[in-house]
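Any read-out appearing in this document is the output of simple, stated calculations on the displayed coordinates, not a laboratory observation. Remember, it's a predicted structure, so these values are computed and weren't measured experimentally. Please note: Cβ atoms are built from the backbone with ideal geometry, for glycine as well, and neighbour counts cover all protein chains shown.
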Amino acid sequence: MSAYRKHFGRAENVRIKFDRETGNIKVLSRREVVSQVRDPRRDISLSEAQKKSARYQEGDIVEEEIQAQGFGRIAAQTAKQVVMQKLRDIERDMVYEEFSEREGDVVTGQVIRVDRGVVIVDLGRAEGFILPKEQPRGERYRERGRIKSYVLEVKRTPKGPQILLSRTHPGLLKRLFELEVPEIRDGIAEIKALAREAGSRSKVAVAANLPEVDALGACVGPRGSRVQVIVQELRGERIDIIQWDDDPQVFIANALSPARVIDVELNHAEKLARVTVPDNQLSLAIGRDGQNARLAAKLTGWKIDIRSDRDM
């Protein structure tokens, strides 16, 4: 049908008859028997139809073979092209469906190349792209190196699915913990909150859903083995694992780890926490360029004002 439309410009009133055993192709025109012919390509008069067979009545369809020289070869070539194109379209749809279901998940791939700052990753049946804004500052990628990435978005395009990946998204850190820590994967422990400055430092608040489970110990692993796997995957990003607590005062004090906190005063109206630390712990609580305090504020959702006990 595609071949006929391409070479003869019309195919609205045509039927293709294909013999699967012999491979013969016939093109049949279809015209309706009418009392008054308006379009000779679509209509045939009752008198003309009955010359072919007396059984025809108005409203019947008359089919006649169209002799198109060389059409069998043309049709075979076009059919092959159409079938191959359909197969490519189906494969693209299957890849799109596969990866669209994995949005928010982590995939492992091999770096193919870096082109104008965009990292192109081989994911097996498709390629993913890590844009510069989704790359941690200072992270370097080598060809054929294997990396894990967070599936940020999957777009359908005429050339196939476009898979956008991220190495900075907090979801990458969360999924890596779920992959490495069986207790989190099984729901025995869970990540309650996390704050991340990709490539530099993160804080992860965890809690156990069973009293006999040590959530911190489960995440750290024997001799730090579990968290170390995640640190290596994130190219040395420092990870602080924090004990979650329903009491905001306790949670804020935990979030400022490794600094030791003396007191936390809460202003619920402004959602402001005034935290007192020993004078020798002040710089540790604030962190380099304010990073520790900034991450603690992101983790807890409270504004944090830190002062030393000397200022009291």
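What the table below lists for this structure:
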{"read-out": "Computed over region 120-204, the ratio Rg/Rh where both radii use C-alpha atoms and Rh is Kirkwood", "value": "1.01"}
{"read-out": "Fraction of beta bridges assigned by DSSP in the chain that are antiparallel (%, nearest 5)", "value": "70"}
{"read-out": "Estimated distance in nm for a label pair at Asn280 and Ile66, the labels positioned 7 Å out from Cα along Cα-to-Cβ", "value": "9.5"}
{"read-out": "Difference of contour (0.36 nm per residue) and Cα-Cα distance, Arg238 to Gln50", "value": "58.8 nm"}
{"read-out": "Pair-distance profile P(r), taking every C-alpha pair of region 221-303, with 10 angstrom steps and integer %", "value": "17, 44, 29, 10, 0"}
{"read-out": "Cα-based equivalent ellipsoid of region 170-311: semi-axis lengths in Å, sorted from largest, via gyration tensor", "value": "27, 17, 13"}
{"read-out": "Measure of compaction for region 1-68 (Cα Rg per 2.2 N^0.38 Å)", "value": "1.22"}
{"read-out": "Residues Thr108, Thr168, Thr22, sorted so that the one with the fewest Cβ neighbours within 10 Å comes first", "value": "Thr22, Thr108, Thr168"}
{"read-out": "Cα pair distances in region 77-222, grouped into 10 Å bins until the bin that holds the longest one, percent each", "value": "11, 32, 28, 19, 7, 3, 1"}
{"read-out": "222 nm mean residue ellipticity, helices alone, for the chain (DSSP H n ≥ 4; -39,500 (n - 2.57); rounded to 500)", "value": "-9000 deg cm²/dmol"}
{"read-out": "Antiparallel DSSP beta bridges within region 160-312, as percent of all bridges there, nearest 5", "value": "50"}
{"read-out": "Förster radius 41 Å - calculated FRET efficiency between Glu101 and Arg15 (Cβ-Cβ, nearest 0.05)", "value": "0.55"}
{"read-out": "Charge context of Pro222, other residues only, Cβ under 14 angstrom, K/R +1, D/E -1", "value": "-1"}
{"read-out": "³J(HN,Hα) computed for each position of region 216-221 - Karplus, 6.51 cos²θ - 1.76 cosθ + 1.60, integer Hz, glycine/proline x", "value": "4, x, 5, 6, 6, x"}
{"read-out": "Relative contact order for the chain, counting Cα pairs under 8 Å that sit 6 or more residues apart, in percent", "value": "9"}
{"read-out": "Against the rule of thumb 2.2 N^0.38 Å, how large the Cα Rg of the chain comes out", "value": "1.75"}
